[in-house]
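Before any comments, here is the structure.
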Amino acid sequence: MAETNPIELQKALKGAPYPADREKLVAVAKKNKAGSDMVEKISHLGQKSFESPADVQKAVFGTE
């Protein structure tokens, strides 16, 4: 299983419309054939809505 990293997150969410809710991001990740670990991580994010890819990255990795 590949380690979750920012590049894989960007690939998983390519084409996501923002603002987006968790469910939309999960759907985009599945459409982009992201690994199950990435889909799982996105589906369990604490926030329900994200304004930008940076917001998602911050929620996943705890970084700015």
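General remarks:
- For A20, the test of being open to solvent by less than 80 Å² (accessible area, probe 1.4 Å) and free of Cβ contacts under 8 Å to residues at least 24 places away in the same chain is failed.
- Of all residues in region 34-49, those that are free of Cβ contacts under 8 Å to residues at least 40 places away in the same chain and open to solvent by 80 Å² or more (accessible area, probe 1.4 Å) have Cβ atoms under 6 Å from Cβ atoms of residues that are in a helix (DSSP H, G or I) and of a type in the set (D, E, K, R), 6 or more apart or on another chain, in K48/R22.
- Leading residue by the ranking (farthest from F61 (Cα to Cα)) among those in region 1-17 that are polar (S, T, N, Q) and surrounded by fewer than 15 Cβ atoms within 10 Å (Cβ to Cβ): Q10
The values are calculated or read from the model by the stated rules, or taken from the named source; none is laboratory data. These numbers were taken from a predicted model, which means no experiment stands behind them. Cβ coordinates were reconstructed from backbone atoms using ideal geometry, including for glycine residues, and neighbour counts include every protein chain displayed. Only protein heavy atoms, including side chains, enter the accessible area calculation; ligands, DNA and RNA are left aside. Shrake-Rupley method; radii C 1.70, N 1.55, O 1.52, S 1.80 Å.
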